Amino acid sequence: MSSRVETAGAWGEEVTSSPSVPSRRRPRVEAVAPYLLLAPSVFFLSVFVVWPAIQAIHLAFEGPNNTLTSYNFYQMTHEYTFWPSVKNTLIFMVSIIPLEFCLAFSMALIINTGLRGQQFFLYVWTIPLAISDLAAGIVWLSIYTQNGYFNSILHDLGLSQYGYQFLSYQNTFSLFAVCVVAEIWRSTSLVMLILLGGLQGIPREFGEAADVFGATFWQRLWRITLPLLKPSIRVALILRTIFAIQVFAVILALVGSNLPVLGAQAYNWYHSYQNPNIAAAYSIVILVLSVLTTAFYLTVVRNKAEIAGATR
Amino acid sequence: MTKLWLSRVAIVIGVVALLLASIPRDATPAGADTAVTIYSTQFTPVDEATTFRNVILANSPASVSFVPAADSSTYFTQVESQVKSNKVQFNVLAGLQSDFEPLAADGMLQDLTPLMNKLKKRGFPQSFINLSKLGSKNKHYFIPWITATYVLGVNRRALPYLPKGAKVNKLTYDQLVAWGQNIKKKTGRAMIGFPVAGLIHRFMQGYLYPSYTKGVVRTFKSKSAVKAWQMMKKLWAVTNPQSTSYSFMQDPLLSGEVWIAWDHVARLINAASQDANDMVLVPAPRGPRGLGYMVVLGGLAIPKGAANKAAAEKVIDYLTQNTQEINILKRLAFFPATRAPIPATLDTGTWTESLAVKAQQNAKGSIPALVPVGLGAQNAAFNKVYLDTWNRILIQNQPIQSVLNDEGSIMAGLVQQAGAKCWYPDKPSKGPCPVG
């Protein structure tokens, strides 16, 4: 994109030499065009993202009678569910991302091999992306609840008389496991699509050259595919981590308040306890965590050229 | 190239502009000046709202649109902003007494005393007429309309395990505990259920506390409250642990996950109707001080500055007629707040429900508790005190008295801030209700 704009001469000599266009008008149009094209998205982002974000920050620090205060944060951190929800959100993030990444990478590799029926796999695997979080949570609830589908199968196989209580508050491990399975089902395909896009951008010549030199599958994967895939991996990791920090609807539908997480707490404070200030304070915590993890990925997952560029 | 491209952009912009221009600016339907809009905190789930529009409003004297509110706080904010900006679009407000209370306190409801006098022949119970004054001396701010309460839903399969000497429609909390223990001993399963993700705060405010302490605020951390929580710990040990994710008890009752469940009648009625052979509804248990139960009263009001008052009053008149009251009972499981005769042709579920409700109201030593009064914006925070108390004592196993002391001081702050006087069954207070 940028190279095309430049050769078309946004600032340039080439245009002034063009005989058919008056020499003064065209550069001005072309200089303005990028801004015009950006304007709708800038407008959209300002109205729907930047302005609400500013309002949320204001809400988080708002005290009675429009004063500024940090009391909302004090109240939030002294709430008996705050630290458990921070811990749960982080454990959730750490347990879901490696699993989902390995799964999505394998799926993307399978589709990229050009197997027969790859289109079929692609479509089937992306179906969960079209389903809303809440609906997915409810579907999984009907599977895991005490008299749900999963327990019916166990009962029919004679493995359990009355069904296991996967969703009991007493069983933290199974609560976690159930949520992790549901989230992996719901969003692995997002990571897969980003990785697949990256895989398809890797020129075939590299693979062919490696074949000529007798590289094994693992060598090719380690030395060619993964390094060239770094930009896509980074995008996928950033997006997925941010979504994991915000996780909300699936957890709310499946386990309710048995497993407090930051997103669900923000919702509860806003909706059930009708306190938008503390809800906003929670959203600030989510924002800070998202910024920190994004910064982490941007510094850790880089390829050699970027590292060289950064140190130059 | 660029020119062509720019002209394409221009065409797209032109088409979008034309489309936008073709959207009608004024979406008000024809005849809007005679239409009545009802804004409601009740019947908000989609299927209930549909039934309300298609069945209850079928023969209404004006063209009525029914607008369900997202929740009580949105309801208050919407009405408040309309009345304050003098652009009132709602003609009739439908809600619980607790929804009207902050509105009346801010002077946003019309005095409906003349209409009340006209409709007195409906036979509203005197207690409901008193509640409609919302703290004023002789003005009535809403017309009583519907009422509901909470009872126990019981699967007949649980009956053989009743402890000796216990009668299912005259249970005590101790007998309920023994019943649950019996079931657990003989079947290995915890079969009692509570809607911990639903209306559980009403259980504490209207049932547990009144039955054990004959109070809600004044007795919050009292010795008798500690006894109530000691009983609750035993009951919780034989309660299905999935209760923490239940919001409507009819579903786990129907699926057989629990056999005995406490909930709002409207959240039990499907179980009683769909499985009428197996399911019975019975009064809530009683404690040492009596049978505490909560009366939920819904009514109809008119906001200040509303247009079309005559049509609004006609709609209120229509909705409190026997036919509509009975249809609401049959289809939406709320009872008439009038003396509408309950027919013998009700389906079995509704019938057992009405028997349970009557038995509860008429039980000896019954203590009717009110939905919290006078808390206004602090309502949700007040409920949270009870929810946190439940979680800390029963789920996190924290010591009872220290939790009650902690949460009691939070409650005292809220009641003070709202300036809420004591409400029944607490003894009246002059200033904000003291937490004791």
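The values are calculated or read from the model by the stated rules, or taken from the named source; none is laboratory data. Please read all numbers here as calculations on a predicted model, not as lab measurements. All Cβ positions, even for glycine, are placed from backbone atoms using ideal geometry, and neighbour counts span all protein chains on display.
Tabulated results
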read-out: Count of residues meeting criterion [among the aliphatic types (A, V, I, L, M), touching a strand residue (DSSP E or B) at 6+ places or on another chain (Cβ under 9 Å) and touching a residue at least 40 places away in the same chain (Cβ under 8 Å)] in the range B:319-373; value: 14
read-out: Criterion (among the aliphatic types (A, V, I, L, M) and modelled with pLDDT of 95 or more) met by exactly one of B:Leu162, B:Leu96, B:Leu134, B:Leu103; value: B:Leu162
read-out: Boolean, B:Ser243 is touching a Pro at 6+ places or on another chain (Cβ under 7 Å) and in contact (Cβ under 8 Å) with a residue 24 or more places away in the chain; value: no
read-out: Set A:Val261, A:Val235: member being crowded, with 22+ Cβ neighbours inside 10 Å and either at pLDDT 90 or above or within 14 Å of chain B (Cβ to nearest Cβ) (or both); value: A:Val261
read-out: Residue, farthest from the chain's Cα centre (by Cα), within the range B:359-384, restricted to residues that are buried (at least 22 other Cβ atoms within 10 Å of the Cβ) and not in a helix (DSSP H, G or I); value: B:Ile367
read-out: Contacts under 8 angstrom Cβ, first residue in the range B:299-317 being over 21 Å from B:Phe43 (Cβ atoms), partner polar (S, T, N, Q) and part of a helix (DSSP H, G or I), 6 or more apart; value: B:Gly305/B:Gln82; B:Asn308/B:Thr34
read-out: Residue within the range B:268-275 that is within 14 Å of chain A (Cβ to nearest Cβ), in contact with a helix residue (DSSP H, G or I) (Cβ under 8 Å, 6 or more places away or on another chain) and among the hydroxyl-bearing types (Ser, Thr, Tyr) present; value: no
read-out: From B:Tyr141, B:Tyr150, B:Tyr161, residue being out of contact with any strand residue (DSSP E or B) (no Cβ under 7 Å at 6 or more places or on another chain) and of a type in the set (Phe, Trp, Tyr); value: B:Tyr161
read-out: Test for B:Val282: is it under 20 Å from the mean Cα position of the chain (by Cα), closer than 18 Å to B:Leu171 by Cβ and surrounded by fewer than 24 Cβ atoms within 10 Å (Cβ to Cβ); value: yes
read-out: Enumeration of residues in the range B:152-197 that are away from every other protein chain (no Cβ under 13 Å) and in a loop (DSSP other than H, G, I, E, B); value: B:Leu162, B:Pro163, B:Lys164, B:Gly165, B:Ala166, B:Lys167, B:Leu171
read-out: Selected residue (criterion: farthest from the chain's Cα centre (by Cα)) from residues of the range A:239-290 that are without any contact (Cβ under 8 Å) to a residue 60 or more places away in the chain, closer than 30 Å to A:Leu199 by Cβ and assigned to a helix (DSSP H, G or I); value: A:Ser290
read-out: Residue within the range B:248-255 that is of a type in the set (Gly, Ala, Ser) and either in a strand (DSSP E or B) or in contact (Cβ under 8 Å) with a residue 12 or more places away in the chain (or both) present; value: no
read-out: Some residue of the range B:355-374 being in contact with a Gly (Cβ under 6 Å, 6 or more places away or on another chain) and at positive phi; value: yes
read-out: Failed item in (1) out of contact with any Ser or Thr (no Cβ under 6 Å at 6 or more places or on another chain); (2) over 30 Å from B:Val79 (Cβ atoms); (3) outside any helix (DSSP H, G or I), with B:Ala276 passing the rest; value: (1)
read-out: Members of the range A:153-172 that are away from chain B (no Cβ under 14 Å) and either under 30 Å from A:Thr113 (Cα atoms) or in a helix (DSSP H, G or I) (or both); value: A:Ile153, A:Leu154, A:Asp156
read-out: Any hit, the range B:100-116, residues being in a strand (DSSP E or B) and farther than 20 Å from B:Pro428 by Cβ; value: yes
read-out: Filter pass, A:Leu175 being in a helix (DSSP H, G or I) and of a type outside the set (D, E, K, R); value: yes
read-out: Verdict on B:Leu387 being touching a residue at least 40 places away in the same chain (Cβ under 8 Å), part of a helix (DSSP H, G or I), within 11 Å of another protein chain (Cβ to nearest Cβ) and under 21 Å from B:Leu199 (Cα atoms); value: yes
read-out: In the range A:238-258, the residues that are away from every other protein chain (no Cβ under 14 Å) and among the hydroxyl-bearing types (Ser, Thr, Tyr); value: A:Thr241
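So that you can scan it fast, the table gives a plain yes or no per residue for (1) aliphatic (A, V, I, L, M); (2) in contact with a helix residue (DSSP H, G or I) (Cβ under 6 Å, 6 or more places away or on another chain); (3) outside any loop (DSSP other than H, G, I, E, B):
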| site | (1), (2), (3) |
| --- | --- |
| A:Phe48 | no, no, yes |
| A:Asn65 | no, no, yes |
| A:Met76 | yes, yes, yes |
| A:Tyr80 | no, no, no |
| A:Ala104 | yes, yes, yes |
| A:Gly137 | no, yes, yes |
| A:Trp140 | no, yes, yes |
